[in-house]
Amino acid sequence: MNIYSAAQLSVLTRLFSATVFREMAKNGRSGLFRRLLEQTDLREHAGTRATVGDIFDFAFEILKVAGHRDEYIYRAAISHKVLLGTHSLRTASMLNEFRAGNCKADLVILNGTATVYEIKSERDTLARLANQIDNYKRVFAKVNVIASERHVEGVLATVPDDVGVMCLSKRYQITTVRDAIDCPARICPVTVFESLRTGEATAILKAMGVTVPQVPNTLRHAVMRDLFADLDPATLHVEMVRTLKRTRDLAPLGELIDHLPASLQAAALSVSVRRVDHPRLVDAVATPLPAAMTWN
């Protein structure tokens, strides 16, 4: 396999962007995909019967071992090896870019508990990590940092002992350096409230036997915030997980996932596209490469 420059790796990374994914779903083609592909040598390595999906898989194989892996490669690893490997879309759900205090969590898996994964790839620094962990602990029972091999020592020196540390090896294997401690009692109910949609917050209060008084919409946020402040953290966490698994359910994506190459499954789990567009997306991915080179 060739040695790729940082500029070339950047182009390969952009193939997996939300823009390309959404264009294929909406239009059945992606002009950006074609333009990016023209900047690579992937066509030289592809067989005469290669499809768009084959190109994605080939690009992914380069990116996951190149030493310049970005966040998408880490998301894919967690999606494949944890969400779809240990769990399933029927029993677990996943949140992307979920607000937690003044941060956004990279990826959260909801199963029996809520586990957040903060990604520190080869392209990241650890400058914001301590603040991110403080915010995550206020919303999630389990906190993990998944990092490149070169970051592991720095992560261990930065985060408290109750935070899990994982490593994505050069061979694309996830190893656990230290297990995360499940501690729902430490969460902050008010911070949880600020992370939720209004309907989710209302459903949680109802499930916990708390009645939301009828007040003008201008006062509703403050009233609900005060009600959350009085909730038991551990009990709230149970209801938060139960509610979010229902409202952020990924099970309807199961059929789409089955029809996409492994390299694009993480995109399908994190980039929202209309269900009516799923067949168009599948067809675009199955397009023979010569036809895809006419996309505009």
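Rule-based calculations on the coordinates, nothing more; no lab input. Quick caveat, the model's predicted, so the values are computed rather than measured. Positions of Cβ are backbone-derived with ideal geometry, glycine not excepted, and every protein chain shown enters the neighbour counts.
Is segment 187-296 best put as rounded, prolate or oblate by its Cα gyration tensor, with a ≥ b ≥ c the root eigenvalues, rounded for a/c under 1.5, and otherwise prolate when a/b is larger than b/c, oblate when not? Verdict is prolate for segment 187-296.
Give me the Kirkwood hydrodynamic radius of segment 98-193 in Å, from all C-alpha pairs, to one decimal place? Could the numbers behind the result be given before it?
Numbers: mean 1/r = 0.0750 Å⁻¹.
So the Kirkwood estimate lands at 13.3 Å.
Each of 83, 73, 112 was scored by the projection of its Cα onto the charge dipole of segment 26-148, and the greatest displacement toward the positive side belongs to 112; charges sit on the C-beta of Lys, Arg, Asp and Glu. Quick check: the angle from helix 6-15's long axis to the longest principal axis of the chain, C-alpha only, nearest 10 degrees? Between the helix axis and the principal axis of the chain, the angle is about 70 degrees. Beyond 35 Å, the tail of the calculated P(r) for the chain holds 26 percent of the Cα pairs. Tell me whether segment 188-247 comes out rounded, prolate or oblate; compute the Cα gyration tensor, take square roots of the eigenvalues as a ≥ b ≥ c, and use a/c under 1.5 as the rounded threshold. Verdict is prolate for segment 188-247. To the nearest ten degrees, helix 52-63 and the longest principal axis of the Cα atoms of the chain are 70 degrees apart. Between 0 and 90 degrees, the angle of helix 233-247 with respect to the longest Cα principal axis of the chain falls at about 40 degrees. Our coupling estimate for segment 129-140, obtained by passing each phi through the Karplus curve with A = 6.51, B = -1.76, C = 1.60 and θ = phi - 60°, is 4, 4, 5, 4, 4, 4, 5, 5, 5, 7, 10, 10 Hz, Gly and Pro reported as x.
Going by how many other beta carbons lie within 10 Å of each one, how would you line up 215, 143, 155, fewest first?
Details: 215 12, 143 29, 155 23.
Going from least to most buried by this count: 215, 155, 143.
Of all DSSP beta bridges confined to segment 89-203, the antiparallel ones make up roughly 60%. Charged side chains reduced to their Cβ positions (Lys and Arg at +1, Asp and Glu at -1) give segment 192-296 a dipole of some 200 debye around its Cα centre. Taken about its Cα centre, segment 1-120 carries a charge dipole of roughly 320 debye when the Cβ of each Lys and Arg holds +1 and the Cβ of each Asp and Glu holds -1. Please work out whether segment 20-83 counts as rounded, prolate or oblate from its C-alpha gyration tensor, where a ≥ b ≥ c are the square roots of the eigenvalues and a/c under 1.5 means rounded, while otherwise a/b larger than b/c means prolate and anything else oblate? Because a/c hits 1.5 or more and a/b fails to exceed b/c, segment 20-83 counts as oblate. With a Cα cut-off of under 26 Å and a minimum spacing of 8 residues unless on different chains, the lysine pairs in the chain number 24. Rounded to the nearest 500, the helix-only mean residue ellipticity at 222 nm of the chain stands at -13000 deg cm²/dmol, with each DSSP H run of n ≥ 4 adding -39,500 (n - 2.57).
How much length is gained if the chain between residue 212 and residue 225 is pulled fully straight, taking 0.36 nm per residue apart and subtracting their Cα-Cα distance, in nm to one decimal? Kindly include the intermediate steps, with their values, before the conclusion.
Numbers: separation 13, 0.36 × 13 = 4.68 nm, distance 1.06 nm.
The span from residue 212 to residue 225 would gain 3.6 nm if fully extended.
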